[in-house]
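Notes follow once the structure below has been shown.
Just so you know, all these numbers are worked out from the coordinates, no wet-lab data involved. Given the structure is predicted, the values throughout are model-derived calculations rather than measurements. Here the Cβ positions follow ideal geometry from the backbone for every residue, glycine too, while neighbour counts run over all protein chains shown.
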Amino acid sequence: MAASCSAARSCARSAQRPLLTPSSRSWTINSLRARVPIVGRFLDQEQPDILCLQETKAQDHVFPAELFHSRGYVHHELNGQKMHHGVAILSRIPLHDSGRHDWQDNGEARHVGVRVECGSPLEHVYDSGGGDIPDRKLNPKFGQKLDFIERMTRWSEKLAEPTLIVGDFNIAPLECDVWSHKALLDVVSHTPIEVETLGRLQAAHDWVDLGRKFIPAPERCFTWWSYRAQDWVASDRGRRLDHMWASPSLAPQARAHRVMEPCRGWERPSDHVPLLVELEV
């Protein structure tokens, strides 16, 4: 996770003391309350220090907090809403200085940021899917998606502190990030204008794509498979829509990154799978 110590440890570290490696997972859960059993299974199995959830579809007052409290995740930062929105950060490590950006400029709950105790800022985002038509005049949702990224770009240009940003960008930037580059050139999530817009965001802070740092292109790497496929494994028509990016000075501290593909095969799964990153501090 973003450079951080466990809740029970002091921030101080002597030269003789071993480095710690906290871990963070990010998961577009597609309705948290519908996925409580698999989220519990995931926490019991993986034991992350921090879990970031997107598309919770839950207002804060109905958030299933006991699911996390009972497992030691007593530090929460929520930005909840009904519909296809809502983000949450659940942590065993204290969280401070929470904030929210309305990068879509319409009041939808798509961002929450925190500072992890003893560590760096963690920004958690969920950009819109953008609808089905890649034309902002015919489809306002597509324009909102692009404008979300542009506002993040302006923010990134001013960013002075090493930061980790995770979440569902709903854009697959590389040709090898989709099952067929040619077939998806006109499909929202992989259109040239989306790829170019995301590229400007990455360049604005020289963000390091941790997914491709550990799984170099053109190696296969997908994080989403449609529910429409009768056999998602056999068809394997995936896309890499979920990302973890680190500031250039923070990226060398990354010691591991995984795409947890087996979770797509669990009972009543999300169409996205979790990502993991471990940062040495």
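List residues of segment 99-141, by number, whose backbone nitrogen lies under 20 Å from a label position 7 Å along Cα→C-beta of residue 161.
Zone members listed by number: 99-103, 111-126.
If you plug each phi of segment 166-174 into the Karplus form 6.51 cos²θ - 1.76 cosθ + 1.60 with θ = phi - 60°, what whole-Hz ³J(HN,Hα) values come out, in order, with x for Gly and Pro?
9, x, 9, 7, 6, 9, 9, x, 9
What spacing in nm lies between the two simple spin-label points modelled at residue 83 and residue 102, each 7 Å away from Cα in the Cβ direction?
The modelled label-to-label distance comes out at 1.3 nm.
Determine, for 221, 52, the number of other Cβ atoms within 10 Å of each Cβ, and report the residues in order from fewest to most.
Exposure proxy ranking, most exposed first: 221, 52.
What are the ³J(HN,Hα) values, in whole Hz, obtained from phi via the Karplus relation 6.51 cos²θ - 1.76 cosθ + 1.60 with θ = phi - 60°, for each residue of segment 142-149 in sequence order, with x given for Gly and Pro?
Those phi angles translate into 5, x, 4, 4, 5, 5, 4, 5 Hz.
Can you give me the Cα centroid spacing of segment 141-204 and segment 50-111 in angstrom?
Segment 141-204 and segment 50-111 have Cα centres separated by 22 Å.
Going by how many other beta carbons lie within 10 Å of each one, how would you line up 280, 77, 161, fewest first?
161, 280, 77
Roughly how big is the chain's charge dipole about its Cα centre, with Cβ charges of +1 (Lys, Arg) and -1 (Asp, Glu), in debye to the nearest 20?
For this selection, approximately 380 debye.
Expressed in whole Å with the largest first, what are the equivalent ellipsoid semi-axes of segment 50-136 derived from the C-alpha gyration tensor as the square root of 5 times each eigenvalue?
Equivalent-ellipsoid dimensions as semi-axes: 25, 16, 10 Å.
Using the Karplus curve 6.51 cos²θ - 1.76 cosθ + 1.60 with θ = phi - 60°, what ³J(HN,Hα) values do you get for each residue of segment 87-94, in whole Hz, with x for Gly and Pro?
After applying 6.51 cos²θ - 1.76 cosθ + 1.60, I find 9, 8, 10, 10, 8, 8, 9, x Hz.
Given the options 48, 28, 81, identify the residue whose Cα lies farthest towards the positive end of the charge dipole of the chain (+1 on Cβ of Lys, Arg; -1 on Cβ of Asp, Glu).
The listed residue farthest towards the positive side: 48.
For segment 121-183, which trypsin sites (Lys or Arg not before Pro) are both in a DSSP coil and crowded by at most 14 other Cβ atoms within 10 Å?
137, 158
Which of the residue pairs 137/213; 145/182; 57/137 have a Cα-Cα distance greater than 26 Å in the structure shown?
137/213; 57/137
Just the Cα atoms of segment 23-279, one point each, no solvent: what log10 I(q)/I(0) does Debye give at q = 0.09, 0.13, 0.14, 0.17 Å⁻¹?
So the normalised log intensities work out to -0.35, -0.79, -0.93, -1.47.
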